[in-house]
1. Does Ala106 qualify as being within 18 Å of Ala36 (Cα to Cα) and without any contact (Cβ under 8 Å) to a residue 40 or more places away in the chain?
2. Can you give me the number of residues within the stretch 18-50 that are surrounded by fewer than 17 Cβ atoms within 10 Å (Cβ to Cβ) and either under 13 Å from the mean Cα position of the chain (by Cα) or within 15 Å of Leu84 (Cβ to Cβ) (or both)?
3. For the structure I just gave you, tell me whether Thr92 is in a helix (DSSP H, G or I) and of a type in the set (Ser, Thr, Tyr).
4. Go through the stretch 1-15 and give me each residue that's surrounded by fewer than 18 Cβ atoms within 10 Å (Cβ to Cβ), under 14 Å from Gly59 (Cα atoms) and modelled with pLDDT of 95 or more.
5. Are there any pairs with C-beta distances below 6 angstrom linking a residue in the stretch 61-76 that is at pLDDT 95 or above to a residue that is assigned to a helix (DSSP H, G or I), with the two at least 6 apart or on different chains, and if so which?
Amino acid sequence: MAKYYVMGNYTGQAFKGFIGDPKQDRAAAATALSQAVGGKMESFSITRGTYDFVGVVSGTGFDGVAAVKLAVEATGSIKNFTILEEMDMNKTAEMAAKALASYKPAG
């Protein structure tokens, strides 16, 4: 099962909402979003740095995570929603070795 790391930034509109309701549970909101597309939110954290939040999602395919991106960015409260998909480097390297064995470079 694929695992996705999602991160993004809140907009000024979202920060205004945080100030208006500082006790809201964004992890619960993120969990509900994941469940709506058949996924499981393994973790969700508000962070300092380049991104305002980072989450780990499993149990859904890329289309499900992309649907969440589309939905939340459409609200105007999140921007720069980034999706990273976990991969198996050994499996990828094996496939690359097979591809390279049958490839003839130009020239």
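The values are calculated or read from the model by the stated rules, or taken from the named source; none is laboratory data. Note that the coordinates shown come from a computational prediction; the quantities given were computed from them, not determined experimentally. Reconstructed Cβ throughout: ideal geometry from the backbone, glycine too, with neighbour counts over all protein chains shown.
1. No; evaluated as a whole, the condition is false for this residue.
2. Number of matching residues: 6.
3. Values: in a helix (DSSP H, G or I): yes; of a type in the set (Ser, Thr, Tyr): yes.
When the stated conditions are applied, Thr92 passes them.
4. Residues satisfying the conditions are Lys3, Tyr5.
5. Val68/Leu33; Gly76/Gln13
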